[in-house]
Amino acid sequence: MSNTAAETTEVVVIGGGQAGIAMSEHLSERGVAHVVLEKDRVAEAWRSRRWDSLVANGPAWHDRFPTQEFEETDPDGFATKAEVADYFQKLVDRKDLPVRTGVTVTSVDENSGSRGYRVTTDSGVIDADYVVSATGPFQTPRIPGLIPEDAGFTQMHSSSYKNPDQLEDGGVLVVGAGSSGVQIAAEIQNSGRPVHLAVGPHDRPPRSYRGRDFCWWLGVLGLWDLVTPPAGAEHVTIAVSGAGGGHTVDFRDLADSGITLLGRANGYSDGKLVLGTDLQKNIANGDENYLSLLNAADEYIERNGLDLPPEPEAHVLGADPECVTNPILELDLAEAGIRTVIWATGFGVDYSWLNVEDVLDESGYPVHARGVSPVPGVYFLGLPWLSRRGSSFIWGVWHDAKYIADQIDIQRMYRDYAPAQARVAAIAV
């Protein structure tokens, strides 16, 4: 271990996105000395790692911290990515949170022979009793090695997509039908390009129903507080959109607009994409998820005597399009005119800088219970399902950060405890 003179603080928070800012707000309220280290700018993922037209998927009244509203966004509207980034910067400025930008953490190690951890950065060393990793789930773009890089197609991750103008002429294949995939596919289709969309398992909630946004329905029905995903749904994405003022995603509408729906991309050989036979099943399961929420909402309204307007038309689903009933199982990309493949396939995590034993599993994913690792003093924040379904949302991460701040406070109490005899001796000295 290096003998480099180190700065000292109680808590180092790594990451200056929504998780890191939430953590800092709670630590500041408790008077806990800390610093937040961010390698780029505050909320950089919202600024530069999203497409140009992105808006939040939750309405502004809901998708925020309880301590600050969106100033320039209608409460029932959907904040643009710039408004979200500015929201967090304003909170940092208003509360004078100790956020340092342009600082990259290169390693976190246990302090040898003393308590706490040594955080090494490209601008110095910090010793801290507690470390909170608030780097979130969107660290490394995940692109399946399905199509070789030299196959002759432009391939990019959804995090690199900005707008249709950046794409070369020709058709586009979008792989992944969560919120990112469906919004990107629709935008490209509207630009006049032919689009194919590979659809995997997904949840498909209504954008709104009987005058209430789906975020409200998940709240009153207690569904945000589910502590574990349903069996087999750990990696199921949510297809919902705030674009254009918000709307329910219906894959039939996407097909009607001219988008060709495909099953999951399972393989590639000699210029041909091998597709799963699961398209109709995935659409049906998404419909079941959608209708189950409508039925639960109807029951809630009746049980509580609410005066909300009936919406029977929401229960009526159209016929499956031809591309669903007679799915393509093998697609020659060149023959279909596809020149660009966009992988809306999510992200992986990278904790290569975290040199603490027993806090990561064999796959490199955090081991934790509600963000508390098995090693005292190491915490994780901002991960999906950290404590509940809402954990990776702006409002959910704020509540998770409060819990972790409580745990740090408890550990500080034990750290600072001294028996009465020892206190008397200390006073005498």
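For a 25 Å ceiling on Cα separation, which of these pairs sit above it: K39/K90; K39/K162; K162/K281?
Beyond 25 Å: K162/K281.
Which length gain, in nm to one decimal place, applies between S292 and W385 when the Cα-Cα distance is subtracted from 0.36 nm times their residue separation?
31.3 nm
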Item to check | Expected 222 nm ellipticity per residue - DSSP helices of 4 or more, -39500 (n - 2.57), all of the chain, to 500 | outcome: -8500 deg cm²/dmol
Item to check | Convex hull volume per residue in cubic angstrom - Cα atoms of segment 167-302 | outcome: 122 Å³
Next on the checklist: Over the chain, with a Gaussian network built from C-alpha contacts below 10 Å, which listed residue (S363, S159, S387) shows the highest mean-square fluctuation?
Outcome noted: S363
Checklist entry - Which semi-axis lengths, in whole Å and largest first, follow from the square roots of five times the eigenvalues of the Cα gyration tensor of segment 87-165? => result 36, 21, 10
Item to check | Cα-based equivalent ellipsoid of segment 61-104: semi-axis lengths in Å, sorted from largest, via gyration tensor | outcome: 22, 12, 8
Checklist entry - With the chain treated as a Gaussian network of Cα nodes joined by springs under 10 Å, which of A418, A401, A134 yields the largest mean-square fluctuation? => result A418
Checklist outcome for this item: For segment 86-139, averaging the sequence separation of alpha carbon pairs under 8 Å that lie six or more residues apart and dividing by its residue count, the contact order in percent is 21 percent
Checklist outcome for this item: Of I408, I301, I328, the most mobile residue in a GNM of the chain (C-alpha springs, cutoff 10 Å) is I301
Checklist entry - With point charges of +1 on the Cβ of Lys and Arg and -1 on the Cβ of Asp and Glu, referenced to the Cα centre of the chain, which listed residue (L262, C323, L223) lies farthest in the positive direction of the dipole? => result L223
Item to check | Dipole of segment 47-169 [Lys/Arg +1, Asp/Glu -1 at C-beta], most positive-end residue of A151, T121, A82 | outcome: T121
Checklist entry - Restricting to the chain, what percent of DSSP beta bridges are antiparallel, rounded to 5? => result 40 percent
Checklist outcome for this item: If amide H atoms are modeled at 1.01 Å from N in the peptide plane, then the residues at a separation of 5 or more from V125, or on another chain, having amide H under 5 Å from its own are E7
Item to check | Distribution of pairwise C-alpha distances over segment 271-424, 5 Å bins, in % | outcome: 1, 6, 9, 9, 10, 10, 11, 11, 11, 8, 5, 2, 2, 1, 1, 1, 0
Checklist entry - Using a 1.4 Å probe, what is the accessible area per residue for segment 74-178, in Å²? => result 45 Å²
Checklist entry - Within the P(r) computed for segment 19-178, what percentage of the Cα pairs occupies the region above 23 Å? => result 53 percent
Item to check | Extension reserve of the V367-D225 stretch, reckoned as 0.36 nm per residue once the Cα distance is removed | outcome: 49.1 nm
Item to check | Packing rank of 8-17, 112-121, where each peptide gets the mean count of other beta carbons within 10 Å, highest leading | outcome: 8-17, 112-121
Checklist entry - Given a cut-off of under 8 Å on Cα pairs at least six residues apart, what relative contact order in percent is computed for segment 99-215? => result 13 percent
Checklist outcome for this item: Computed curve, segment 138-225, Cα-only Debye sum without solvent term, log₁₀ I(q)/I(0) at 0.19, 0.21, 0.24 Å⁻¹, is -0.97, -1.09, -1.26
Next on the checklist: Contact order normalised by length for the chain, with contacts defined as Cα pairs under 8 Å and 6 or more residues apart; what percent is it?
Outcome noted: 21 percent
Checklist entry - Sorting C323, C215 by accessible area (1.4 Å probe), largest first, what list results? => result C323, C215
Checklist entry - Which residue, chosen from P141, T340, Q189, occupies the Cα position most advanced towards the positive end of the dipole of the chain, where the dipole is computed from +1 (Lys, Arg) and -1 (Asp, Glu) charges on Cβ about the Cα centre? => result P141
Next on the checklist: I need two numbers for the chain: Rg to one decimal and Dmax as a whole number, Cα atoms only, in Å.
Outcome noted: 24.1, 87
Next on the checklist: Probe radius 1.4 Å, ligands and nucleic acids ignored: give me the carbon and sulfur share of the accessible area of the chain as a rounded percent.
Outcome noted: 49 percent
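The values are calculated or read from the model by the stated rules, or taken from the named source; none is laboratory data. This is a predicted model, so every value here is computed, not measured. Because the Cβ atoms are built from the backbone with ideal geometry, glycine has one as well, and the counts that use them run over all protein chains shown. Each accessible area value is taken on the protein alone, full model and side chains, heavy atoms only, with ligands, DNA and RNA left out. Shrake-Rupley method; radii C 1.70, N 1.55, O 1.52, S 1.80 Å.
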